[in-house]
Amino acid sequence: MRAIPVLVISTALGAGAIGAAVKMSPPPVMVSQDHDWEKSRPGPDSGRVAILIDALGRTDPVVCELIADQIGNFWWSGGREGVGRLAASSTTVQIAKDSIGGTITDERAIKRLIAELDGPSACTRRVASKMLGQSAIGAQRLNALLSDASANVRESAAMAAGSGEHHDAIPALERLLDDRTPAVAAMAAWALGEIEDHASVPKLMKFVRSGDTRVRLAAMWALGAIEDERAVPDIAATLRDPDSRVREMSARVLGDFEKPEANAPLERALGSDTDASVRAAAATSLGQVSSPSSAPALGRALSDADIAVRRAAAEALGDLDELHVAPAGLVGALSSTDPELRYRAAKSLASIADPATTSSLVALLSNPDAELRKDAVEALGEIGTPAAVQAITKALNDRDPEVRKAAAEKLGEIKDS
């Protein structure tokens, strides 16, 4: 996926355009990749920015969105050695591509990006917003854009503020939560979540009850990103929202807080919500909270009509702290016709390490699925009883080398002479 932006840009622009783009600024110094250097990497100049934006405006919308996804997430091409690249790849083009992820300081480039914030294409607006967020735009100009008369500009500027985690834009973003255009208010909430300032929590909590679904979802997501426990009661209350999308977001976000106060509402949602996506999210979040008191609710969910819920419950059981007795349904899941459920059940049994499950795990060592046999060996290794050791010793003769390797490693950890 990391190669897609360069490949697609080359196709969209043509060789001549790429050649021109490459000549517009000197290559950055090749140093080892780290977070600080990513922020200080020289960014593209105005010519390269113009070529990129214009080309994306002409290309297929799906191609544009693929590239928009990569802005701010570029995998640096590394040194001049070219390891991992096709022999015919151009190092010069790689350097040009890497500059797209750098800090833009060219004033003409910044102006070009600002002009695009009110453009006709949502995708190029998104690209311009993300690039502007990592530019040297300055607080005064960014705050002015957040107050622009155009809703498109305000929304795009909020995205820029969030993408660049501009703390100096927080007051303006908090004001935008009251914006008359829901899309602007939702983007402002998202940006505050990206910045993760706990001082914004009281303001965001108010919009968990917004009349607009998009704003509610964004405010809930932001509170989950900030992980301030003050928000738990308000978010838990939305598990009763009539909109299943809101309930699902609530169930997912509550796990981020990892607070026991979320257990009861999540267990209710897991057992009674009519939407399988909500139930699956509740199961996953119960695993994040990790309270062993949730084991009965998760055990019952192993019988849920929806396979996604059963998978989530099986995995969550392995995440619970100090759970030493495996629910009967987890052992039963080992014989499921769904391979993913079997894998998750086996891994959770390894975490729980209940000696009572030994015979069921030993039986798995005859399963034709090598991955499942390996999971059984690892689970038996965690149990470590004489019967488990005997079964693992036999697995040293398994026909699959990965199973034999897992058996040898577990016996080494057990240290039974």
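The values are calculated or read from the model by the stated rules, or taken from the named source; none is laboratory data. The model shown is predicted, which means the values in this text are computed figures rather than measured ones. Backbone-built Cβ (ideal geometry, glycine too); neighbour counts: all protein chains shown. In case anyone asks, the SASA skips ligands and DNA or RNA and just uses the protein heavy atoms, side chains included. Shrake-Rupley method; radii C 1.70, N 1.55, O 1.52, S 1.80 Å.
From the list Leu217, Leu286, which one is among the hydrophobic types (A, V, I, L, M, F, W, C) and open to solvent by 30 Å² or more (accessible area, probe 1.4 Å)?
Numbers: Leu286 fails: open to solvent by 30 Å² or more (accessible area, probe 1.4 Å).
Residue meeting the stated conditions: Leu217.
Ser156 is checked against (1) under 18 Å from Cys64 (Cβ atoms); (2) at pLDDT below 95 and fails just one. What number does that condition carry?
Only one criterion is unmet by Ser156, namely (2).
Before we move on, is Leu113 open to solvent by 10 Å² or more (accessible area, probe 1.4 Å) and part of a helix (DSSP H, G or I)? Talk me through it step by step, then tell me what you get.
On the way: open to solvent by 10 Å² or more (accessible area, probe 1.4 Å): no; part of a helix (DSSP H, G or I): yes.
Judged against the criteria, Leu113 is not a match.
Of these, Val362, Val325, Val377, Val403, which one is of a type in the set (A, V, I, L, M, F, W, C), assigned to a helix (DSSP H, G or I) and either open to solvent by 20 Å² or more (accessible area, probe 1.4 Å) or under 25 Å from Ser294 (Cβ atoms) (or both)? Working first, answer last.
Details: Val325 fails: assigned to a helix (DSSP H, G or I); Val377 fails: either open to solvent by 20 Å² or more (accessible area, probe 1.4 Å) or under 25 Å from Ser294 (Cβ atoms) (or both); Val403 fails: either open to solvent by 20 Å² or more (accessible area, probe 1.4 Å) or under 25 Å from Ser294 (Cβ atoms) (or both).
Answer to the check: Val362.
What tally of residues in segment 191-205 results from selecting those that are open to solvent by 60 Å² or more (accessible area, probe 1.4 Å) and either in contact with a Gly (Cβ under 7 Å, 6 or more places away or on another chain) or not in a helix (DSSP H, G or I) (or both)?
1
Return the only residue of Ala314, Ala345, Ala333, Ala350 being among the small types (Gly, Ala, Ser), touching a Lys or Arg at 6+ places or on another chain (Cβ under 6 Å) and in a helix (DSSP H, G or I).
Ala314 is the lone residue from the list that is among the small types (Gly, Ala, Ser), touching a Lys or Arg at 6+ places or on another chain (Cβ under 6 Å) and in a helix (DSSP H, G or I).
This table checks each residue for (1) among the hydroxyl-bearing types (Ser, Thr, Tyr); (2) closer than 24 Å to Thr393 by Cβ.
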{"position": "Pro296", "(1), (2)": "no, no"}
{"position": "Ser303", "(1), (2)": "yes, no"}
{"position": "Leu317", "(1), (2)": "no, no"}
{"position": "Thr337", "(1), (2)": "yes, no"}
{"position": "Glu340", "(1), (2)": "no, no"}
{"position": "Asn367", "(1), (2)": "no, yes"}
{"position": "Glu382", "(1), (2)": "no, yes"}
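Can you spot a residue in segment 286-296 that is on the phi > 0 side of the Ramachandran plot and free of Cβ contacts under 8 Å to residues at least 40 places away in the same chain? Reasoning before the result, please.
First, pick out the residues of segment 286-296 that are on the phi > 0 side of the Ramachandran plot: 290.
This time we only want the ones that are free of Cβ contacts under 8 Å to residues at least 40 places away in the same chain, so: 290.
Taking every residue of segment 286-296 in turn, at least one turns out to be on the phi > 0 side of the Ramachandran plot and free of Cβ contacts under 8 Å to residues at least 40 places away in the same chain.
Of everything in segment 238-248, what is without any contact (Cβ under 8 Å) to a residue 24 or more places away in the chain and farther than 14 Å from Ala282 by Cβ? Give them in sequence order.
The answer is Pro242, and nothing else.
For segment 304-358, enumerate the residues that are of a type in the set (Gly, Ala, Ser) and within 24 Å of Pro386 (Cα to Cα).
Residues satisfying the conditions are Gly318, Ala326, Ala328, Gly332, Ala345, Ala346, Ser348, Ala350, Ser351, Ala353, Ala356.
Filter segment 158-169 down to the residues that are buried (at least 18 other Cβ atoms within 10 Å of the Cβ) and either free of Cβ contacts under 8 Å to residues at least 60 places away in the same chain or hydrophobic (A, V, I, L, M, F, W, C) (or both) and list them by number.
Ala158, Met159, Ala160, Ala161, Gly162, Gly164, His166, Ala169
Determine if segment 349-359 includes at least one residue that is in contact (Cβ under 8 Å) with a residue 12 or more places away in the chain, open to solvent by less than 20 Å² (accessible area, probe 1.4 Å) and farther than 19 Å from Glu382 by Cα.
Looking through segment 349-359, none of the residues is in contact (Cβ under 8 Å) with a residue 12 or more places away in the chain, open to solvent by less than 20 Å² (accessible area, probe 1.4 Å) and farther than 19 Å from Glu382 by Cα.
What is the residue count in segment 59-89 for residues that are modelled with pLDDT of 75 or more, part of a loop (DSSP other than H, G, I, E, B) and either acidic (Asp, Glu) or buried (at least 16 other Cβ atoms within 10 Å of the Cβ) (or both)?
Of the residues in that region, 3 qualify.
Please go through segment 116-147 and pick out each residue that is open to solvent by 40 Å² or more (accessible area, probe 1.4 Å) and in a helix (DSSP H, G or I).
Ala122, Arg126, Gln140, Arg141, Asn143, Ala144
Tally the residues that are open to solvent by less than 10 Å² (accessible area, probe 1.4 Å) and either modelled with pLDDT under 95 or closer than 11 Å to Ala333 by Cα (or both), restricting the search to segment 301-322.
The total comes to 2.
What is the residue count in segment 94-113 for residues that are among the aliphatic types (A, V, I, L, M), out of contact with any Pro (no Cβ under 7 Å at 6 or more places or on another chain) and closer than 21 Å to Ile195 by Cα? Outline the logic, then answer.
Within segment 94-113, the subset among the aliphatic types (A, V, I, L, M) is 95-96, 100, 104, 109-110, 113.
Next, only the ones that are out of contact with any Pro (no Cβ under 7 Å at 6 or more places or on another chain) stay: 96, 110, 113.
With closer than 21 Å to Ile195 by Cα added as a condition, the list becomes none.
Number satisfying all stated conditions: 0.
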